[in-house]
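Bear in mind that the values in this text are calculations on the coordinates, not laboratory data. Bear in mind that the values here come from a model prediction, so they are computed numbers and not experimental data. When we count neighbours, we look across all protein chains shown, and the Cβ atoms used for this are built from the backbone with ideal geometry, even at glycine.
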Amino acid sequence: MKIRVGLSYLLRQFGGLTAEPDTMEVAASTPLECLQVIVGRFPSLRQWVYDKEGSLLTSTMFFVNKEKLLPREFASTLKDGDELLIVLAFAGG
Amino acid sequence: MAGFDGKMLEVNLSRGEIKKTAIDKGVLRKFIGGSGLAAKLMLDRIDPKVDALSPQNELYILCGPISGTALPGGARFSVCGKSPLTNMFAESCCGGDFASKLRSAGWDGIIVQGASKKPVYLYVEDQKAEIKDASDLWGKNNVEVNRVLKERHGGRDARVLTIGEAGENQARYAGIANGRSLAARCGMGAVMGSKKLKAVVVKGSGKVPLADPEKFAERRKILIQKAKDNIAAQVLGMLGTNAAVDVSAATGDLPGKNWSSGDNTAIAAKTGGPVLSGPQFLAGTESCFGCTVGCKRISKITEGPFAGWTGPGPEYEGVVAMGSNLVIDDMAAVIWMNEMCNDFGLDVISTGSCIAMAMECMEHGILNTKDTGGIDLKWGNVDAVVKMIPMIARREGFGATLAEGARRAAQKIGKGASEYAVEVKGLEVPYHDPRAHHGLALSYATSARGACHTNDPAYSMGTGIFNWPELDLLPTLAAGVRESKGWGPLVKKSQDLGQIINAGVICYMFNLVMNGEDLTELLSSASGFDYTFAELIECGERIWHTKRGVSNLMGITAADDALPKRLLTPTTEGPAAGLKIDLELMLKEYYPARGLSSDGRPSKETLSRLGLSDLAAKLYR
Ligand code: SF4
């Protein structure tokens, strides 16, 4: 299954991916798997989405077709053509 | 015990008298300091019926046990009094470098009473204090007055609080500046202006007292490491608070076009953290005194009509106030207009909100250029905003209407303008959209000072990066931000914690890296009171109810726990499209948890449990 995945500006900036295209196509079936594939492709992202033990940071958020996912939905199956956005949550100002 | 002793400098400007007083230790323990202590002082000392801009109102410039210490996030102090904007209890917090000098001069706060006949400033050097003539400074703005007074009183050693023209002219949302930082909210600069107090200069040669310096240093070390390891603190250091623009746009938290647009990603891309901290605009970074995070930007403008300027860059709130909410995507203009607000001494949140309301009135034909003195307040018009800011600060022409704040200005404009005034209890709403964070909606409706995202951490809770297991305030709460159910008891707990932080006084960003043990150890070792976390939470509760009770005495009732119609109407596009806040349900769950009676006053049982019999006697006479 092909999913179009976007990374938020912060993730692209911190992962050193600003020169990469805004979105990329990933063959995976859940948001968590998509993230794994992308981190495999760009290891510089790892520290911004996983902790030292490899667990997902609570600041990592997923949106599917602009809908924010609940943590229990992170492993749910995506549909062909879904658009996934991965965001580094942050609160400031 | 040499900790936080509550040593106050009491200045009566009507009589030209200065005296030294000390706060009772029992009061300090129960109200901690900062805005907590201010609530108690207001209860005891101010007639609730006074006009906020009359000599009978008092201005409290207060430190807490943490203020001015070398703890990262410990630079802050509070400015409090009755607000001319909301007519109720008001607090405004400021970073910068003033608190460290005030405390090293041997003072924990300044109480200003009365009003001078001519412009004056207060000069404090250790235990000496003097009221000096400020006639030559009147009419000047913050940057210039700060420069002149530093030059006059010993350069870097002198720490200065100032008001600009907005404060002098009593614009109801004028703030007080400490260099680049502003105690911006609630109009405390107007109160200072009403007293003809142009500035306060402090020089101190002592040390900031700590009851247990070793224990404090140990905890400080732990926190510095935690901040280093914390993703949010790292982001703050790299991109400043404006990093939130990017995330806010994705979650539906970023308002646009006076809160009518739900999809603001295009403007976010041009005004977000990476742009402000990118090579085009970043000249450097700065920190408040003692902070290792360095979230402050120094910005530069190299092209266009504002080219050639370098200075303090905007925070998230300033970027949205002057950016997406006015449909402006020109980063250089946003930086410049933010600086104008700071220099004139206007709260950028309220200024942006009042101008956005006027722009919407213009769009709907409620206002025209005849009303505004020829200024075409249409969406995105930078030139119009640049003209409007000084007019507000000087109360010139249509600026005099907007200087009254969104609520009063809308009432004056009439013809349905109130529909476009986005405020709670008279305080313009900060730029985090509660339709995307229902817990924040309840927090806005019930905060101790009107709509506020820093009176408690409900906003951080909604983003999923807040983790205080001691209070069961966990990152997983973010899962419920799209629903109204269940927030009542959580917001109550969040408010109790917020009161402690603001009484401390501790930078809000640091509740993201602390836990209950850190907070308890810090406040105990700094103050000398052997607090437990449970006792602190009770202090938080007591402080919240005292602030609320003071506001009740000033006229606030349950009917004021409301949100503007704009925020109760879902957006039609963007990530929060269709989400409707059920405020009625939230208030129903919140009131019993909060210990409020149905008319909005703290219940008699709550007051008795918290030892607030003095407040009970005034509320239930
Ligand atoms: S995090 Fe930023 S605002 Fe807070 S104390 Fe540090 S520099 Fe100041």
With θ set to phi - 60°, apply the Karplus curve 6.51 cos²θ - 1.76 cosθ + 1.60 along the range B:74-85 and write out the HN-Hα couplings as whole Hz, x wherever there is a Gly or Pro.
x, 7, 8, 9, 10, 10, 9, x, 7, 8, x, 8
Inter-chain shielding metric for A:9-20, i.e. average beta-carbon neighbours from other chains within 10 angstrom, reads 4
Averaging over all projection directions, find the projected area of the Cα convex hull of chain A and quote it in nm² with one decimal place.
6.0 nm²
Debye-sum result for the protein assembly as shown in log10 I(q)/I(0), which assumes one identical scatterer on each alpha carbon, at q = 0.10 Å⁻¹
-0.92
When you look at the Cβ of every residue in A:56-65, what mean number of other chain Cβ atoms sits within 10 Å?
4
When a/c reaches 1.5 or more, the comparison of a/b and b/c decides; with that in mind, is chain B rounded, prolate or oblate per its Cα gyration tensor?
rounded
Hey, with R₀ at 22 Å, roughly what FRET efficiency would residue A:73 and residue B:572 work out to, going by the Cβ-Cβ distance, to 0.05?
0.35
In the Gaussian network model of chain A, springs joining C-alpha atoms below 10 Å, which of A:79, A:52, A:66 carries the largest mean-square fluctuation?
A:52
Gyration tensor (alpha-carbon) shape descriptor, the range B:462-621, a/c threshold 1.5:
oblate
Based on the mean of other Cβ atoms within 10 Å per residue, sort peptides B:377-384, B:105-112, B:485-492 so the most packed one is first.
B:105-112, B:485-492, B:377-384
What list of ³J(HN,Hα) values in whole Hz, one per residue of the range B:605-617 in order, does the Karplus curve 6.51 cos²θ - 1.76 cosθ + 1.60 (θ = phi - 60°) give from phi, with Gly and Pro shown as x?
5, 4, 5, 5, 4, 8, x, 9, 5, 5, 5, 4, 4
Once you keep just the Cα pairs under 8 angstrom separated by 6 or more residues, what percentage relative contact order results for chain A?
40 percent
Interchain or sequence-distant (5+) residues whose placed amide H lies within less than 5 Å of the amide H of residue A:83 are A:65
In Å, descending, principal axis extents of the Cα set of the range B:7-203
42, 38, 29
In Hz, Karplus ³J(HN,Hα) per residue of the range B:148-161 (6.51, -1.76, 1.60; θ = phi - 60°; x = Gly, Pro)
4, 6, 5, 4, 5, 10, x, x, 4, 5, 8, 10, 10, 10
Contact order relative to length for the range B:242-427, counting C-alpha pairs under 8 Å separated by 6 or more residues, stands in percent at 16 percent
Cα gyration tensor of the range B:268-402, axes a ≥ b ≥ c as square roots of the eigenvalues: rounded (a/c below 1.5), prolate (a/b > b/c) or oblate?
prolate
Within 10 Å of each Cβ in A:79-88, how many Cβ atoms from other chains are there, averaged over the peptide?
2
Percent relative contact order for chain B, counting Cα pairs under 8 Å at least six residues apart, stands at 16 percent
For the range B:315-455, give the magnitude of the charge dipole about the Cα centre (Cβ charges: +1 Lys/Arg, -1 Asp/Glu; no others), in debye to the nearest 20.
580 debye
